[in-house]
Amino acid sequence: MERVECLIIGSGPAGYTAAIYTCRADIKTVVYEGMQPGGQLTQTTEIENFPGYPKGINGPDMMEEIRQQALRFGAEIREGEVTAIDVSQRPFKVTTEYDGELLADSIIVSTGAAARYLGIPSEEEFKGGGVSACATCDGFFYKGKDVAVVGGGDTACEDATYLAKLCNKVYLIVRRDVLRASKAMQHRVLNTPNIEVLWKHQTKELFGEQQGFMKKLKGAVLYHSDTKEERTIYVDGFFEAIGHTPNTAPFKGVLEMDEEGYILTKPKSTATNVPGIFACGDCQDRIYRQAIVAAGTGAMAGIEVERYLAEHK
């Protein structure tokens, strides 16, 4: 049976960066890229807040550059997913989607998280053309424009107040008649003049027009939760802040997680409850969810794997 020193499950900034570090430490590393090679950034257009790109860079292009850097140092990158881990033995026995079983002396989990979307038919058409799940990432592109935020929790309120500093007007679309956010965040939203809260409203449809090779958002059709009366708002950006789902299902019952499925790691570390298994990126970060933070934790995981293997040889 094949045996590797370090198995990285998932790609994206965290997984590829971890591979750069382990390979530079002369650790035989295999990366399984998962169902979305390159992670969420492959669905992003312009990235302006990742260091080293003063003019910005297209998301898929940046991920390909980081991937090529991992390959340069010797990472073996494979297609498919890891479907199960047996932690009852050392080395760990891992089941893969296409390559059967293999043994791993150490494992880095970097499977990321998926943003939750509303699921309306037109939503997919405007991803990258107005629809976003990250106000911090994309808010700058809507400076001086009108935008909408969907959600009623702390994240939605934080996004709305952040965007209010950049944008002309922010609609906060709340399906209930109350906010779930903390009182402090509620006060901040309700006392920001250019935020208009649309209570008891839900989104029926998004609309826009074709501009070049992509569709650009122009607005949204909403409806009142009780009366079903419709209302049209004209916005250039539509930010969805209704949560994320960590891609950690194969590790349930194996790794300790919080109530939402984020993998728990030790303080100031990427180490999980299972010695030899580390987690980095959005699958363990429920707070920041930024590419640069994911890359940073990927570096941490790579360094910790090097130390773990040195101690257990």
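The values are calculated or read from the model by the stated rules, or taken from the named source; none is laboratory data. What you are looking at is a predicted structure, and each value in this text was computed from that prediction instead of being measured. Don't worry about glycine lacking a Cβ; one is built from the backbone with ideal geometry, like all the others, and counts go over all protein chains shown.
No other residue among Gly10, Gly15 is buried (at least 17 other Cβ atoms within 10 Å of the Cβ), touching a residue at least 40 places away in the same chain (Cβ under 8 Å) and at positive phi apart from Gly10. Of the strands (runs of 3 or more DSSP E) lying entirely inside segment 190-286, those containing at least 3 residues that are modelled with pLDDT of 95 or more are 195-198, 201-211, 214-224, 230-234, 237-240, 277-279.
Go through segment 3-23 and count every residue that is more than 9 Å from Ile108 (Cα to Cα) and either basic (Lys, Arg) or out of contact with any Asp or Glu (no Cβ under 8 Å at 6 or more places or on another chain) (or both).
As a first pass, look at segment 3-23 and keep what is more than 9 Å from Ile108 (Cα to Cα): 3-5, 11-14, 16-17, 19-23.
Remaining after also requiring either basic (Lys, Arg) or out of contact with any Asp or Glu (no Cβ under 8 Å at 6 or more places or on another chain) (or both): 3, 13, 16-17, 19-20, 23.
Selection size over segment 3-23: 7.
For segment 257-283, residues that are under 20 Å from the mean Cα position of the chain (by Cα), surrounded by fewer than 16 Cβ atoms within 10 Å (Cβ to Cβ) and of a type outside the set (S, T, N, Q) total 4.
Quick check on this structure: which one of Gly139, Gly112, Gly100 is of a type in the set (Gly, Ala, Ser) and over 18 Å from the mean Cα position of the chain (by Cα)? Break it down stepwise before answering.
Values: Gly139 fails: over 18 Å from the mean Cα position of the chain (by Cα); Gly112 fails: over 18 Å from the mean Cα position of the chain (by Cα).
Selected residue: Gly100, the only one of Gly139, Gly112, Gly100 that is of a type in the set (Gly, Ala, Ser) and over 18 Å from the mean Cα position of the chain (by Cα).
The residues of segment 38-85 that are surrounded by fewer than 18 Cβ atoms within 10 Å (Cβ to Cβ), at pLDDT 95 or above and assigned to a strand (DSSP E or B), listed by number, are Glu76, Arg78. The requirement of being within 22 Å of Gly152 (Cα to Cα) and hydroxyl-bearing (Ser, Thr, Tyr) is fulfilled nowhere in segment 300-308; no residue meets it. Per this entry, Leu172 is not counted among residues that are of a type outside the set (Lys, Arg), in a loop (DSSP other than H, G, I, E, B) and surrounded by 12 or more Cβ atoms within 10 Å (Cβ to Cβ).
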